[in-house]
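**Student:** Handing you this structure, nothing more for now.
The values are calculated or read from the model by the stated rules, or taken from the named source; none is laboratory data. Predicted model only: the values in this text are computed from it and were never measured. As a convention, Cβ positions derive from the backbone with ideal geometry for all residues, glycine included, and neighbour counts pool all protein chains shown. Note: accessible area is taken over every heavy atom of the protein model, side chains too, but ligands, DNA and RNA are not part of it. Shrake-Rupley method; radii C 1.70, N 1.55, O 1.52, S 1.80 Å.
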Amino acid sequence: MWVCDLETLAFLEVNHAAVEKYGYAREEFLTMTLKDIRPSEDVSRLLDNMAKLRSELEHSGEWRHTLRNGRIIDVEITPHTGAYHGRKASLVIGRDITERKRAGEALRQSELRYRQLLESVTSYTYTVEIHNGRPSNMVHGPGCEKVTGYTPSDYSADPGLWLDIVPPGDRHMVQHYADPLCEGRAVPALEHRIIHKDGKVIWVRTTYVPKRDGTGRVTGYDGLISDITERKQAEEEIRRLNAQLEDRVIERTAQLEAANKELEAFSYSVSHDLRAPLRHASGFVDLLMKRFKPELPDKAQHYLNSIADSVHHMGMLIDDLLQFARTGRAEMRRSETDMNELVEEVSASLRRDNPGRAIEWIIGTLPTVMCDTSMLTLAWMNLLSNAVKFTRTREKARIEIGSYEEKTERVFFVRDNGVGFDMRYAQKLFGVFQRLHSMEQFEGTGIGLANVRRIISRHEGRTWAEAEPDKGATFYFTLPRRKSQEP
Amino acid sequence: MNELRTILLAEDNPKDVELILEALADHNLANRVTVVHDGVGAMEFLRCEGKYKLRRRGSPAVVLLDIKMPRMDGLEVLQAIRADPALKTLPVVMLTSSREEPDLKRSYEMGANAYVVKPVDFQAFMGAVRQVGVFWAVINELPPERT
């Protein structure tokens, strides 16, 4: 409490409490003015006030004052204007309200945080008491408004509200779901829909936690209700995308099956209809030769032989193409196959077909692999008959067959000392109808290696070749090693 | 007694008919061949119906059936023969251009006695036809006549 001069703002008298509070001695106070206890930034506000309110300098209200030690406190001021020793003065009662203000501020902050928290929560709890084995006294926590749109008092005013907001389709599931808790039995979390006050359907998940007294008796339970709408929407989206994907797979499979059927019909037709005219041409050429050969001049016989050759070649082309189509679409029937047996079988038949040839066969030990036996037989037949064919010009042909293991695959090779080829054309080698030698030199349809590549790639293997003109060729293929094949 | 029996050839393509007859002629079997041009004709012959109403009764020694024929194809004829109590033991040889496995499999499943792929190579074709013709028409003993 002090008295100050309204003109000069000088302190005229201070009491003991002021001396205690502000830290200045009475003598010091009496040399100071009001300005001296104001934080410097507030002084202009004080002078403004002074100009406006000359008669009543410090109106009641809250002000900030600086203590001697520099600390700033909040002060509630109650002024009384009067005269003091003949001077116009104001008797001021100041009350330190710093603590009160701080507590108020803390409360305000805390309330703000709480509100923000409630705003952002997607879960809330409710409690249920159990009386006589029946749930009662359901109390909803404040978060319910954010999640469901209804306030706790809405729920307490209408005891049926919690069930009314469940859509009819889910109501039977929810209504007695928590009843086992009354008998002390746990129930798993439940997911169901509710209708928000604003009309939107949302998904919630409720987790039930039983409450027990000291004896272990269940006295009630808490439910934690969480808004899981976003999760459900994401799940729904995943389901939708999966279904779409499945539809697409079904559609593609059907297209593929249709394409396969068409191809089958096509090769069936080729097989029947394309071969018949050839058969006729061949047949009549043959009859002509048989019945009228003595009467035919040499030239005519030569022409007929050319026709017969072409017809024969065309027949081979058709047969090979059909086989090529078959190796592409035939179902794979994999079984454990001893490659030694296959190679033995194929090389024996080639020996029989080429009795005049001197061929040295060097066959290494080959593994047993999981493969389609008839397809691999065909692949070996193509590779080995090629080796026999392209060593034809050698006095002594040498054909070496072997295999070795790599990290993820088994490599098989067929090496010959035949005419070889120029590596510049190596990439053409495995294409359909691709030939690197003239018909004159070596006959063939150009389908054999294409067949080999198709068979091997259907077994997830690779095919390639290395050669040098006139120095022989080596053909490689791989088959993947699988865990089931390991010893 | 077998050597008097006929061969029934069901083949729609006249060129194939001519070539088959040429092949059989080498074994003096050509004059005993009855040719029909589709499955319906084959069944009429076998059941003595239609234009074969007045033919001498009795089954042929063997039926050579082309698979692809108009109206009623070879597999349908085979099925009808095997379903008919009076005909079901008749030897039937399927003749076809097709090497396609499903045809072969179905033919045997339906009770064909043999399946001959008509080779493009005429020599081979002659050989196959001759073998079939001679075997079924001359060598093979027929099951006892039912009629």
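**Student:** Scan the stretch B:9-21 residue by residue and report those that are open to solvent by 40 Å² or more (accessible area, probe 1.4 Å) and either facing chain A (nearest Cβ under 10 Å) or closer than 16 Å to B:Val92 by Cα (or both).
**Tutor:** Residues satisfying the conditions are B:Asn13, B:Pro14, B:Lys15, B:Glu18.
**Student:** In the stretch A:236-294, which residues are within 27 Å of A:Ser306 (Cα to Cα), away from chain B (no Cβ under 14 Å) and either polar (S, T, N, Q) or surrounded by 10 or more Cβ atoms within 10 Å (Cβ to Cβ) (or both)?
**Tutor:** Across the stretch A:236-294, the qualifying residue is only A:Lys293.
**Student:** Restricting the search to the stretch A:472-487, which residues are modelled with pLDDT of 90 or more and either closer than 20 Å to A:Ser335 by Cα or open to solvent by 70 Å² or more (accessible area, probe 1.4 Å) (or both)?
**Tutor:** Correct list: A:Phe477, A:Thr478, A:Leu479, A:Pro480.
**Student:** Could I ask something else about it? Please work out which one of (1) within 13 Å of the chain's Cα centre (by Cα); (2) more than 14 Å from every other protein chain (Cβ to nearest Cβ); (3) open to solvent by less than 70 Å² (accessible area, probe 1.4 Å) is the condition B:Asp73 fails and give its number.
**Tutor:** The one condition B:Asp73 does not meet is (2).
**Student:** Go through the residues of the stretch A:95-110 one by one and say whether even a single one is within 24 Å of A:Trp203 (Cα to Cα) and either of a type in the set (Lys, Arg) or surrounded by fewer than 11 Cβ atoms within 10 Å (Cβ to Cβ) (or both).
**Tutor:** No, because not a single residue in the stretch A:95-110 is within 24 Å of A:Trp203 (Cα to Cα) and either of a type in the set (Lys, Arg) or surrounded by fewer than 11 Cβ atoms within 10 Å (Cβ to Cβ) (or both).
**Student:** Can you name the residue in the stretch A:336-361 that is touching a residue at least 40 places away in the same chain (Cβ under 8 Å) and β-branched (Val, Ile, Thr) and, of all such residues, is surrounded by the fewest Cβ atoms within 10 Å (Cβ to Cβ)?
**Tutor:** Among those that are touching a residue at least 40 places away in the same chain (Cβ under 8 Å) and β-branched (Val, Ile, Thr), it is A:Ile359.
**Student:** Here is a follow-up. Given the conditions (1) at positive phi; (2) modelled with pLDDT of 85 or more, report the number of the one that A:Glu28 does not fulfil.
**Tutor:** With (1) at positive phi; (2) modelled with pLDDT of 85 or more applied to A:Glu28, the lone miss is (1).
**Student:** Would you call A:Val218 surrounded by 16 or more Cβ atoms within 10 Å (Cβ to Cβ) and in contact with a Lys or Arg (Cβ under 8 Å, 6 or more places away or on another chain)?
**Tutor:** Taking the combined requirement at face value, the residue satisfies it.
**Student:** Of everything in the stretch A:118-162, what is surrounded by 12 or more Cβ atoms within 10 Å (Cβ to Cβ) and aliphatic (A, V, I, L, M)? Give them in sequence order.
**Tutor:** Once the filter is applied, which keeps residues that are surrounded by 12 or more Cβ atoms within 10 Å (Cβ to Cβ) and aliphatic (A, V, I, L, M), the stretch A:118-162 yields A:Leu118, A:Val121, A:Val128, A:Ile130, A:Met138, A:Val139, A:Val147, A:Leu161.
**Student:** Hey, among B:Arg106, B:Arg130, which residue is open to solvent by 20 Å² or more (accessible area, probe 1.4 Å), over 27 Å from A:Gly283 (Cα atoms) and modelled with pLDDT of 65 or more?
**Tutor:** Result of the check over B:Arg106, B:Arg130: B:Arg106.
**Student:** May I ask you to list pairs of residues, at least six apart or on different chains, whose Cβ atoms are under 8 Å apart, with the first in the stretch A:265-278 being without any contact (Cβ under 8 Å) to a residue 60 or more places away in the chain and the second being small (Gly, Ala, Ser) and not in a helix (DSSP H, G or I)?
**Tutor:** Here the result reads A:Tyr268/B:Ser98; A:Ser271/B:Ser97; A:Ser271/B:Ser98; A:His272/B:Ser97; A:His272/B:Ser98; A:Asp273/B:Ser97; A:Arg275/B:Ser97; A:Ala276/B:Ser97, each pair linking the stretch A:265-278 to a residue that is small (Gly, Ala, Ser) and not in a helix (DSSP H, G or I).
**Student:** Within the group B:Val33, B:Val40, B:Val92, which residue is open to solvent by less than 10 Å² (accessible area, probe 1.4 Å), of a type in the set (Val, Ile, Thr) and in contact (Cβ under 8 Å) with a residue 24 or more places away in the chain?
**Tutor:** Just a single option satisfies the conditions, and that option is B:Val92.
**Student:** Let me ask another. Going through the stretch A:314-345 one residue at a time, which ones are within 14 Å of another protein chain (Cβ to nearest Cβ) and modelled with pLDDT of 85 or more?
**Tutor:** Passing the criteria: A:Met314, A:Arg333.
**Student:** If you don't mind, there's one more thing I want to ask. Going by the conditions given, is A:Gly431 within 23 Å of A:His312 (Cα to Cα), modelled with pLDDT under 90 and surrounded by 16 or more Cβ atoms within 10 Å (Cβ to Cβ)?
**Tutor:** When the stated conditions are applied, A:Gly431 does not pass them.
**Student:** Tally time: how many residues in the stretch A:221-235 are small (Gly, Ala, Ser) and either open to solvent by 70 Å² or more (accessible area, probe 1.4 Å) or not in a strand (DSSP E or B) (or both)?
**Tutor:** Of the residues in that region, 1 qualify.
**Student:** A follow-up question, please. Just to be sure I understand, how many residues within the stretch B:24-58 are in contact with a Lys or Arg (Cβ under 8 Å, 6 or more places away or on another chain) and not basic (Lys, Arg)?
**Tutor:** Total meeting the criteria: 10.
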